Amino acid sequence: MNEETLFAIDIGTRKVMGLVAESLADALRVCDAETIEHQTRAMAAGQVQVVSRVAAVVREVASRRSKRRGIPLTRAAVAVAGRRRTPL
């Protein structure tokens, strides 16, 4: 991956999505996308319940992206929803 190529992962309650995008002068161009649904209740209400299962889905999304693009993925932007249980 070069500086202009971005890999983003969105970890949601039902699925994990990976996007590969290229940075252009004034926009991003999505080059590739992969979505895999969680097969178990590894996430509930936007919160990780079983870390190992969520991590396995994230690894699979990243692996598929890397194989299809022929480039090792070394960095990623990640979005994970969640709620704070205790006040700041």
Hey, can you tell me all the residues within the range 10-36 that are under 19 Å from GLN47 (Cβ atoms) and open to solvent by 30 Å² or more (accessible area, probe 1.4 Å)? ASP10, THR13, ARG14, LYS15, MET17
Could you tell me which residue of the range 53-76 is most open to solvent (accessible area, probe 1.4 Å), considering only residues that are over 17 Å from LYS15 (Cβ atoms) and not β-branched (Val, Ile, Thr)? LYS67
The one condition VAL61 fails out of (1) modelled with pLDDT of 90 or more; (2) over 16 Å from the mean Cα position of the chain (by Cα); (3) not in a strand (DSSP E or B) is (2)
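The values are calculated or read from the model by the stated rules, or taken from the named source; none is laboratory data. All of these numbers come straight from a predicted model, not from anything done at the bench. Cβ atoms come from the backbone with ideal geometry, glycine included; neighbour counts cover every protein chain shown. In case anyone asks, the SASA skips ligands and DNA or RNA and just uses the protein heavy atoms, side chains included. Shrake-Rupley method; radii C 1.70, N 1.55, O 1.52, S 1.80 Å.
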